[in-house]
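See below for the structure under consideration.
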Amino acid sequence: MGGMSLVQSVDNVALLPAYLAAGTAVLVLLADLLLARAGATVAVAAAGAIATVAGAAAVGAVGTRRTFCVGGDCSWVFDARAALVAAVFGLLTLGVLGLSGPLLGTGPTPVGEYCFLLACSMTGGVVLGAAGDLITLIVALETLTLPLYVLVGLRRGSLASAEAAVTFFVVSVVATTLTLLGAALLYAVTGALHLDRLGALLGAAGDLPLTTAAVALVVAGLGFKVAAVPFHAWAPATYDGAPLPVAAYLSTASKLGGVVALLAVVQRALPAEVTGPVLAGLAVLTMTVGNLVALRQRRTVRLLAWSSVAQAGYILAPLGALALATGRTADARATAYAAVVAYAVFFVALELVAFAALVALRPVGTDGGTLDDLRGAARRQPWIGAAFVLALTGLAGLPPGLAGLFAKVIVVRSVLDGGAGWLALVVAVNAVVGLAYYLRLTAVLYADAAHAVPAGRPAWPVSAALAVATAVTVVLGFAPQLVLALAAG
Amino acid sequence: MSFGEFLLVAVLALPAVGAVLVAATPRDRAARLVGTAVAGLTLVAAVLLAVGDRGWVGYGPAPAVLPWHRLDLPWVPGLDLRFHLGVDGLSWPLVVLTALLTVLCCGYTVWRVPAGGSGRALVALLLVVEVGILGTFLALDLVLFFVFFEVVLLPMYAIIAGWGGDGRRRAARRFALYTLLGSVLLLVGVFVVVADAGTADVVALTGGTGLSRGTQLAAFTLLALAFAVKSPLWPLHSWLPDAHTQAPTVGSVILAGVLLKMGTYGLVRMAVGVAPEGARWAAPVLGVLAVAAIIVGSLVCLAQDDLKRLIAYSSVGHMGFVLLGVATLTATGIQAALIGNIAHGVITGLLFFLAGAIKDRTGTGSLAELSGLRETAPRLAGLLGFAAVASLGLPGLAGFWGEAFAVVAAVQRGGGLWTTLAVLAAIGGALTAAYFLRLLRQVTHGRPTPAVARVAPGLAGAELAAWTPLVLLALAVGLVPALVLGYATAPVDALTAVLP
């Protein structure tokens, strides 16, 4: 360190999105304290989320900005992809706030804490996209996850909710420990923490001792966060026990966080020869197990949870192509990384629509219920039903869910670009299995309801969140290039 | 934008906008009328596509695909996806057939809505299906072709599941899963080609230029499997009988009339065109399976005792002839396949309309409970006789050309295998005659059963309006096959010229 200046110049513009997200959390706390009105608190949180999205877009538009650099290695790299990730986190937070409207308006849920925790989680997501070293990455991921332990347990008086929170907490702590252990081993072997430097050292040195173990630990720990099989068992129980809007956040933002973290270490730090085969195996296991178990689900949220496990498999599939030498050319790798980000973005958009539609169809404050509770729902509420069907067909990868169709195309294309034809066929067959349960849910929505429950109109924030999310999904379906261009950046 | 480009857009945009309009029209009957009018306009645009200059005016040899009109716009550059449409002699007859059958089905729905849901939703779904089928026939970009191929799947599922018979859910689910299996294989096949060639432009890819032999074999295997599910080719046909039997009349007409043709058209245009070496390699297998389909289809039909199911299984046999024609990879064979496609669409469309009419009147489809239709409803019986005779391939009617020339093409191909296949196919043709004559004997002759005795002799105006164009077309194509072949000669010659 001798010759290097210890005083760093900090690029505050690059950090603006993180400031905005963290500022939102602080302002929410102050608003709750000073104004003590639920509406004002939620409004502050929503405005903060919008400001974060705008800030991310503005900073992302001016090109890549780095700060906290030591030599050539930077802990904060805000590029187009980081901007995309930050904007998606902001939008997801906004959407989940909308879905939480009725929950916060009526129930015993403490509004200030709820919004504060959600804003903290958003901050973690925004930082995560730009993290350039392992410590920043893990801290950001924990900032994203920690508030969720509390949010999951917020359905007071519900045993399922409490159980869900404990399961989630225990599993997450174990996962974080594994990741930290892996990171520590990597540091012990190479003496580096910055992702790019790690990549260079591990690439140049060939076989360093303990590398394989370290890589396995890091990948396994992050595998828990994306709920990849065999690290998935917490997800269905946790989603089903959590309040519906929190389940929506878990299956979208939290999963996206895991994907972004995993992608960062795989792309920049870890040797592809080691991660490729592991990720190929994880992807195949995850999509197959997720789809097969989803076939048997009777509870709506559990069905969506298992489907989101399967979707994590599709997200990981492009990285599986790294297992082959043909998949490790510069072109094939760039395609694979872009495919992961693009698929993840399309997936969270569709998943948010699905959860928003479910919230809109279920009475306030209830859980997701069984499939039978939704019998004939789309006949009573045609617009919400149409949005739900759009999301489900999209998740199945079929028109009219064009966004999902293109997501499927992106994955298959990138896998074939990497020369992994067998993996493309596994994805293809899984898509067929997946359609079976998405069709079952769709058919239930349009079934004749013998015991028709009179439909209440959903609260306006829910309707608004559903409408905006659906509109975004439709636009992405016709213009997938919008996401593809940013994901490649 | 030239007139041709305008027409290409109009053919797709009219039914797409029409579907939205229909869904937004509050009164059910008015919505169905709007849908029929839109489908009519689409038919006009589709027919007009043949107008204009279609000669080759460039320098050098003509390319293997020479569209009369084309439209090429970027859509998703990141996926090599361009909005590239074109129409030529291979696709135009199918485009017109699709537009025609959709008008007839929408018009029929104005008169009668099958039980299960609103007529408005049914017409809107029919229009969406039309968009998908027309897009598939018009696409000159592999990825765009795949996208349109997928558009058809769920609306057709909804038509079967919403308005079908008693076993509709099972049949619809099976249809969706089977055909999705086909289309995901298509997706993989398409990107095997695109990853190797770096382009998805069918015009540039036709002839297999630039693709290695290994890629061509892999691509053809995947594409042929995908299209074999859709066509369907024995032994991948098992979704078809249930789907056709359970679907409402208009659903069966569209399914048999044009949806199956997406498979055979795709086989000719995409699989054979893009991977000709693969096609040459797999042709014997394809030929054997096609003949197996003919024989198995006919034998099952001989033992069938349900009217709709019999017609559904007859499709397996008829599509076997079409696939045999394609498998020969000769100009005669591919032309036979094209005219066989059109003939099957017209005749089987008519057969399903008639079967639906009989089932609506008698309340049963069981052949054992149907006899003596001639006594109570002579006109209906006469039309059924006409359609059955056309379907069994009587010379002078549309069904003859496709089947006869598929056999001729196989004989011309020569060699022990193809001659044997030709003989077996001819035997299959004879079996086809046998089961259709059995059908006629059971349904039209004999003493009226109680179910048939109730039937009133008259036909509704809407029924006549829906059936007359099909009767006339079956006659016209039978007497003047040049109606189809005149357009197809040039593109088929260009295609066979690039085959190795």
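The values are calculated or read from the model by the stated rules, or taken from the named source; none is laboratory data. Not measured: the values here are computed from a predicted model. FYI the Cβ positions are ideal-geometry reconstructions off the backbone, even for glycines, and counts take in every protein chain you see.
Applying the selection to the range B:180-223, what residues are touching a Lys or Arg at 6+ places or on another chain (Cβ under 9 Å), in a loop (DSSP other than H, G, I, E, B) and within 11 Å of another protein chain (Cβ to nearest Cβ)? Selection gives B:A200 alone.
Within the range B:65-114, how many residues turn out to be under 21 Å from B:G207 (Cβ atoms) and assigned to a strand (DSSP E or B)? Residues meeting the conditions: 7. Considering only the range A:298-310, I want to know if a residue exists there that is hydrophobic (A, V, I, L, M, F, W, C), assigned to a helix (DSSP H, G or I), touching a helix residue (DSSP H, G or I) at 6+ places or on another chain (Cβ under 8 Å) and over 28 Å from A:L371 (Cα atoms). No, the range A:298-310 contains no residue that is hydrophobic (A, V, I, L, M, F, W, C), assigned to a helix (DSSP H, G or I), touching a helix residue (DSSP H, G or I) at 6+ places or on another chain (Cβ under 8 Å) and over 28 Å from A:L371 (Cα atoms).
Checking the structure you have, find out if any residue of the range A:136-146 is under 30 Å from A:A357 (Cβ atoms), without any contact (Cβ under 8 Å) to a residue 40 or more places away in the chain and in a helix (DSSP H, G or I). Yes, the range A:136-146 has at least one match. No other residue among A:V433, A:V444 is out of contact with any Lys or Arg (no Cβ under 8 Å at 6 or more places or on another chain) and surrounded by 17 or more Cβ atoms within 10 Å (Cβ to Cβ) apart from A:V433.
When B:A451, B:A390, B:A426, B:A398 are checked against the criterion of being of a type outside the set (K, R) and closer than 23 Å to B:L329 by Cβ, B:A426 stands alone in meeting it.
In the range A:431-446, the residues that are at the interface with chain B (Cβ under 7 Å from one of its Cβ atoms) reach residues that are among the β-branched types (V, I, T) and buried (at least 24 other Cβ atoms within 10 Å of the Cβ) with C-beta atoms within less than 8 angstrom, at least six apart or across chains, in these pairs: A:A431/B:V184; A:V432/B:V184.
Does B:V389 fit the bill of being surrounded by 23 or more Cβ atoms within 10 Å (Cβ to Cβ) and either assigned to a helix (DSSP H, G or I) or under 18 Å from the mean Cα position of the chain (by Cα) (or both)? The answer is no for B:V389.
If you take the residues of the range A:337-366 that are buried (at least 24 other Cβ atoms within 10 Å of the Cβ) and among the aromatic types (F, W, Y), which of them is nearest to A:A487 (Cα to Cα)? So, considering only residues that are buried (at least 24 other Cβ atoms within 10 Å of the Cβ) and among the aromatic types (F, W, Y), the one nearest to A:A487 (Cα to Cα) is A:Y343.
Within the set A:A452, A:A487, the sole residue that is modelled with pLDDT under 95, more than 7 Å from chain B (Cβ to nearest Cβ) and within 16 Å of A:Y337 (Cα to Cα) turns out to be A:A487. The set of residues in the range B:327-351 that are surrounded by fewer than 24 Cβ atoms within 10 Å (Cβ to Cβ) and assigned to a helix (DSSP H, G or I) comprises B:A331, B:T332. Filter the range A:457-482 for residues that are surrounded by 22 or more Cβ atoms within 10 Å (Cβ to Cβ) and facing another protein chain (nearest Cβ under 9 Å) and give the result. A:P480 - this is the single residue of the range A:457-482 that is surrounded by 22 or more Cβ atoms within 10 Å (Cβ to Cβ) and facing another protein chain (nearest Cβ under 9 Å).
Among the candidates B:G135, B:G117, B:G165, single out the residue that is touching a residue at least 40 places away in the same chain (Cβ under 8 Å), within 11 Å of chain A (Cβ to nearest Cβ) and part of a loop (DSSP other than H, G, I, E, B). Answer to the selection: B:G117. Comparison of B:A425, B:A433, B:A482 shows that the only residue that is in contact (Cβ under 8 Å) with a residue 60 or more places away in the chain, within 21 Å of B:F405 (Cα to Cα) and of a type outside the set (D, E, K, R) is B:A425.
Of the numbered criteria (1) more than 12 Å from chain A (Cβ to nearest Cβ); (2) at pLDDT below 95, the one B:E130 fails is (2).
Results for (1) at the interface with chain B (Cβ under 9 Å from one of its Cβ atoms); (2) part of a helix (DSSP H, G or I); (3) on the phi > 0 side of the Ramachandran plot; (4) at pLDDT 95 or above, shown as yes or no for each residue.
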| site | (1), (2), (3), (4) |
| --- | --- |
| A:G394 | no, yes, no, yes |
| A:P400 | yes, no, no, no |
| A:V415 | yes, yes, no, no |
| A:G419 | yes, no, yes, no |
| A:A428 | yes, yes, no, no |
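For the range B:11-18, the criterion of a residue being assigned to a helix (DSSP H, G or I) and over 14 Å from B:L134 (Cα atoms) is satisfied by at least one position.
For B:P395, the criteria (1) within 26 Å of B:R309 (Cβ to Cβ); (2) in a loop (DSSP other than H, G, I, E, B) hold in every case but one, which is (1). For the range A:150-254, the helices (runs of 4 or more DSSP H) that sit wholly inside it and include 1 or more residues that are modelled with pLDDT under 90 are A:159-190, A:195-205, A:211-226, A:234-241.
Among the residues making up the range B:410-419, none is under 22 Å from B:S314 (Cα atoms) and over 26 Å from the mean Cα position of the chain (by Cα).
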